[in-house]
Amino acid sequence: MLLRYSYRLYPDAPQREALAKAFGCARTVFNDALAARRAAYEAGEPYLTDAAMSARLTESKETPERAWLGEVSSVILQQALSDLNLAYRNFFNSVSGKRKGPKIAPPRFRSRKDSRQAIRFTANARFKVLGNGRLRLPKIGDVEVRWSRELPAAPSSVTVIRDAAGRFFASFVVETAPQSLPETDQECGIDLGLGHFAVLDDGTKIAAPRFLRRAEKKLKRAQRDLSRKQKGSRNREKARVKVARAYARVTDARRDFHHKLSTKVIRENQAVYVEDLTVQGLARTRLAKSVHDAGWSAFTAMLEYKAKLYGREFRKIGRFEPTSQVCSACSVKDGPKPLHVREWQCKACGTVHDRDINAARNIAALGRREARNTREGQVRPAATLAPAGEAGSLRGAA
Ligand SMILES: [Zn+2]
């Protein structure tokens, strides 16, 4: 499977200048191609093919207005075109319904002011990790890298990124062979908690770590300061940089937290089940949870690839019945619960439930049932909660 490995880069001043030029060239190629496709569309002409766009790029480099594109590696220009082609494909597939999930917007123009600038070198570009630990980038130079962990194999491409805080990263794509962990009979259902980041079906509640909450607070303060500064003033520019740095720290801390937690969960469990928040309407019915959504999808994406990498089972449970309304002990639907109700007693069997733990248990039960059905070769049914007779398989339910 293909995995990304990211490392901090420390380009010197001339290299930063060369990178800025490369970002600019890639942006220009992307924007020229987007403008051409839009113009064709508005003139009622057919969609310009990928090959046609590539030919146009070659021609434009011969013109005096675009001759400067020849000063950077041609691979990054071709890659900027493939970014645009992919963005269009995703958009078309989203419109036609071929691609599931939230609707995708058509590609938009890139700007010098975008918080993320990126260029991609493929193997064709002959980028190279040198014996002295530096990364050789064509027409940029030999850039210093902080190797926080080892690259497991030779990378097939590298994306060089500058973030809003002005930091540089190299993100390598590496083909990684699955590694197996010792088997275990532990399984785990995870719910997105109301007051917690995640709640496990064994009753564990996991809060975001203190350093992350502190970084988030600092970011909020910096954003407030920025909104008070006058537009165009020097102080505003300073405040903007401060916000970008605080934002970068939050993103890093959050990613780190997600990595540690997802690795732990995958190591300790043979199968992991989570609720699928992309099920339509769910996010809206659970407004209080939606603040976590961005973090939640990044976290579940990590669980998914780590499960694949380590030979574990991972399932997203889409469902029609809210798991918070059903008793995990006797499977009776107890009715809607307002968000402030944290604990409730089942009218049918009398079990007292913590709202989030009960939901996590229901997710685990649904996950087990789907997994069993798949193993038995049945058609995957629409997820509904197990009838009363099957509730005995729930861990911790008595
Ligand atoms: Zn009950």
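Data overview
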{"item": "Condition check for A26: at pLDDT 95 or above, over 27 Å from R136 (Cα atoms) and open to solvent by less than 20 Å² (accessible area, probe 1.4 Å)", "result": "no"}
{"item": "Residues satisfying the stated conditions in region 145-168, i.e. more than 22 Å from the chain's Cα centre (by Cα) and not in a loop (DSSP other than H, G, I, E, B)", "result": "V145, R146"}
{"item": "Out of R167, R108, R134, R120, sole residue that is in contact with a strand residue (DSSP E or B) (Cβ under 9 Å, 6 or more places away or on another chain) and open to solvent by 70 Å² or more (accessible area, probe 1.4 Å)", "result": "R134"}
{"item": "Test: A215 is within 30 Å of D114 (Cα to Cα), of a type in the set (A, V, I, L, M) and assigned to a helix (DSSP H, G or I)", "result": "yes"}
{"item": "Filter result (open to solvent by 40 Å² or more (accessible area, probe 1.4 Å) and not in a helix (DSSP H, G or I)) within region 51-78", "result": "K61, E62, T63"}
{"item": "Of residues in region 358-375 being among the charged types (D, E, K, R) and open to solvent by 20 Å² or more (accessible area, probe 1.4 Å), the one farthest from the ligand (Cβ to nearest atom)", "result": "R375"}
{"item": "Lone unmet requirement of (1) in contact with a helix residue (DSSP H, G or I) (Cβ under 9 Å, 6 or more places away or on another chain); (2) under 16 Å from L200 (Cβ atoms); (3) within 16 Å of the ligand (Cβ to nearest atom) for R355", "result": "(1)"}
{"item": "Tally, over region 219-241, of residues that are within 23 Å of the chain's Cα centre (by Cα) and open to solvent by 80 Å² or more (accessible area, probe 1.4 Å)", "result": "1"}
{"item": "Failed item, numbered, when K306 is tested on (1) farther than 30 Å from R267 by Cβ; (2) open to solvent by less than 20 Å² (accessible area, probe 1.4 Å)", "result": "(1)"}
{"item": "Answer residue from region 320-348, given it is open to solvent by less than 60 Å² (accessible area, probe 1.4 Å) and without any contact (Cβ under 8 Å) to a residue 24 or more places away in the chain and is farthest from the ligand (Cβ to nearest atom) among those", "result": "V341"}
{"item": "Residues of region 59-84 classified as free of Cβ contacts under 8 Å to residues at least 40 places away in the same chain and more than 18 Å from S157 (Cα to Cα), total", "result": "10"}
{"item": "Breaking point among (1) of a type outside the set (A, V, I, L, M, F, W, C); (2) touching a strand residue (DSSP E or B) at 6+ places or on another chain (Cβ under 9 Å); (3) modelled with pLDDT under 95; (4) within 17 Å of A22 (Cβ to Cβ), for D114", "result": "(2)"}
{"item": "Residue list for region 178-205, filter: part of a strand (DSSP E or B), farther than 17 Å from R312 by Cβ and open to solvent by 30 Å² or more (accessible area, probe 1.4 Å)", "result": "K205"}
{"item": "Verdict on R249 being in contact (Cβ under 8 Å) with a residue 24 or more places away in the chain, assigned to a helix (DSSP H, G or I) and open to solvent by 50 Å² or more (accessible area, probe 1.4 Å)", "result": "yes"}
{"item": "Residue in region 37-50 that is open to solvent by 40 Å² or more (accessible area, probe 1.4 Å), closer than 28 Å to I161 by Cα and aliphatic (A, V, I, L, M) present", "result": "no"}
{"item": "Any hit, region 283-303, residues being within 13 Å of the ligand (Cβ to nearest atom), modelled with pLDDT of 85 or more and either open to solvent by 40 Å² or more (accessible area, probe 1.4 Å) or not polar (S, T, N, Q) (or both)", "result": "no"}
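The values are calculated or read from the model by the stated rules, or taken from the named source; none is laboratory data. Keep in mind it's a predicted model, so treat the numbers as computed, not measured. Reconstructed Cβ throughout: ideal geometry from the backbone, glycine too, with neighbour counts over all protein chains shown. These accessible areas exclude ligands, DNA and RNA; they are computed on the full protein's heavy atoms, side chains included. Shrake-Rupley method; radii C 1.70, N 1.55, O 1.52, S 1.80 Å.
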